[in-house]
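The next block holds one structure in the form of structure tokens; read it before the comments.
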Amino acid sequence: MTSQQIETSYSFAKERYAALGVDTDAVLKNLAVIPISLHAWQGDDVCGFESPDAQLTGGGIQAIGNYPGKARTAAEMRMDLDKALSLIPGSHRVNLQAIHVDSDEKVERNNFQPKHFSRWIDWAKERKLGLDFNPSYFSHPKADAGFTLTSTDEGIRQFWIEHGIACRKIGEAFGKALGTPCVTNIWIPDGYKDIPVDRKAPRERLVNALDTILAEKIDPRYNLDAVESKLFGLGLESYTAGSHEFYMGYAVSRNLLLCFDTGHFHPTEVISDKLSAVLMFVDQVLLHVSRGVRWDSDHVLILSDELQALAQEIVRGEFLKRVHISLDFFDASINRVAAWVIGARNMSKALLLALLEPTAQLRKFELDGDYTSRLTMLEELKTLPWGAVWDYYCLTQNVPAGHLWLDEIKHYERDVLFKRT
């Protein structure tokens, strides 16, 4: 479509939504400042850059596929992120793992310092991006036994405690340098493949380790701490020390952000139903948005019913200032840069659909007990011309509308990605 066609379609869509009391111009202004944090580990299959032959091992996670063009260095990843961000409307962030260290010196994870991520800071500052961070409790000899912060080996446990402390300082440095708080999220894979006898002791060790990591108070203007649960992982099917119930209690009692990974629950559980419940008791929530297919399989986001429900809950509950949105999938079977673009654009589309609802009117129907009108309105909204609003949003954000962004990906694939050996 030409720019004129997009603008014409938008003018008709604007009138349709205005008839319902929805100001589409205001909606797009709001959408443009909702940041989505792009997860760096989609670009390198969660391998990191600690060594030239770094591989994803351990932690119950796995990247499937061998599509050409994986980022082999931090510089290549930044190049790939630049391309992805140029095709995603809005102002966004980037979420790093500690394994994405970019340093000329070899340094162990418990000795990581902000200087080892200075190139990331310089890159983000130049682009006016915020950075988020995650300690990496996997793909390391000291994690091979499946235990990090819950290990019975005091030396191993201390190593990972020091890693967590170091990562919080790096998060603080990100926040100070970039003028926006870094969300530093702690997730560990610790658990058992088979049924354990003692479920309590690992959790006692985990509480003590976390308390030690989080003992130093950091100004929330610079760093926000989050903890993330998981149902199970590969080789850890019977017991996970950091379960949802564990971290919900820990986050409430320590005044932390609670992280919901949408793939870390039973297939029939939905995070959209949990947000308003948890936000009664914690101030802020972190979302790691993925798509599980029968298990925590980290598929690229599609515009599914649950993704729309998640966005609706954020908007309807007026939680936009209390929910931090990050992507968390890693698909090595398709173009990795395209995966970022598809996932982020779908997350933005879901938020747009939610923002285009006449929420006040729908809430009045509900309070009045007029459930017939509520259902009618919700169904009629599905066929309104929101696609025209999305295309106009892309146009105003100087990114390709429709599927045209794929042409740029194909050129980048030919000129850059396929030349990586």
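The values are calculated or read from the model by the stated rules, or taken from the named source; none is laboratory data. This one's a predicted model, so the numbers in the text were calculated from it and none came from an experiment. Every residue, glycine among them, receives a Cβ derived from its backbone with ideal geometry; neighbour counts consider all protein chains shown.
Some values worked out for this structure:
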{"quantity": "Failed criterion for Ala145 (all others in (1) modelled with pLDDT of 95 or more; (2) over 17 Å from Val101 (Cα atoms) hold)", "calculated": "(1)"}
{"quantity": "Selection count where residues are under 25 Å from Arg93 (Cβ atoms) and either part of a loop (DSSP other than H, G, I, E, B) or among the hydrophobic types (A, V, I, L, M, F, W, C) (or both), scope segment 1-38", "calculated": "10"}
{"quantity": "Test for Ser348: is it outside any loop (DSSP other than H, G, I, E, B) and within 25 Å of the chain's Cα centre (by Cα)", "calculated": "yes"}
{"quantity": "Which numbered condition Trp390 misses (of (1) part of a helix (DSSP H, G or I); (2) surrounded by fewer than 14 Cβ atoms within 10 Å (Cβ to Cβ); (3) not β-branched (Val, Ile, Thr))", "calculated": "(2)"}
{"quantity": "Residue in segment 144-152 that is of a type outside the set (Asp, Glu) and either within 18 Å of Val46 (Cβ to Cβ) or assigned to a helix (DSSP H, G or I) (or both) present", "calculated": "yes"}
{"quantity": "Unmet requirement for Ile271, which otherwise passes all of (1) in contact with a helix residue (DSSP H, G or I) (Cβ under 9 Å, 6 or more places away or on another chain); (2) surrounded by fewer than 17 Cβ atoms within 10 Å (Cβ to Cβ); (3) at pLDDT 95 or above; (4) of a type in the set (A, V, I, L, M)", "calculated": "(2)"}
{"quantity": "Residues located in segment 300-338, provided they are under 24 Å from Gln42 (Cβ atoms) and without any contact (Cβ under 8 Å) to a residue 12 or more places away in the chain", "calculated": "Asp305"}
{"quantity": "Residues located in segment 82-119, provided they are among the hydrophobic types (A, V, I, L, M, F, W, C) and in contact (Cβ under 8 Å) with a residue 60 or more places away in the chain", "calculated": "Ala84, Leu87, Ile88, Ala98"}
{"quantity": "Residues satisfying the stated conditions in segment 237-268, i.e. in a strand (DSSP E or B) and crowded, with 21+ Cβ neighbours inside 10 Å", "calculated": "Thr240, Leu257, Leu258, Cys259, Phe260, Asp261"}
{"quantity": "Filter result (of a type outside the set (Val, Ile, Thr) and either modelled with pLDDT under 95 or surrounded by 19 or more Cβ atoms within 10 Å (Cβ to Cβ) (or both)) within segment 179-191", "calculated": "Pro181, Cys182, Asn185, Trp187, Pro189, Asp190, Gly191"}
{"quantity": "Any hit, segment 215-223, residues being touching a helix residue (DSSP H, G or I) at 6+ places or on another chain (Cβ under 7 Å), among the aliphatic types (A, V, I, L, M), buried (at least 18 other Cβ atoms within 10 Å of the Cβ) and closer than 30 Å to Ser297 by Cβ", "calculated": "no"}
{"quantity": "Cβ pairs under 7 Å, 6+ apart, first in segment 48-77 and at pLDDT below 95, second among the charged types (D, E, K, R) and in a loop (DSSP other than H, G, I, E, B)", "calculated": "Leu56/Asp45; Gly58/Asp144; Ala63/Asp45"}
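Okay, residues lined up against (1) over 30 Å from Ala209 (Cβ atoms); (2) surrounded by fewer than 18 Cβ atoms within 10 Å (Cβ to Cβ); (3) in contact with a His (Cβ under 6 Å, 6 or more places away or on another chain); (4) modelled with pLDDT under 95:
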site	(1), (2), (3), (4)
Leu81	yes, no, no, no
Asn111	no, yes, no, no
Glu126	yes, yes, no, no
Gly130	no, no, no, no
Leu149	no, no, no, no
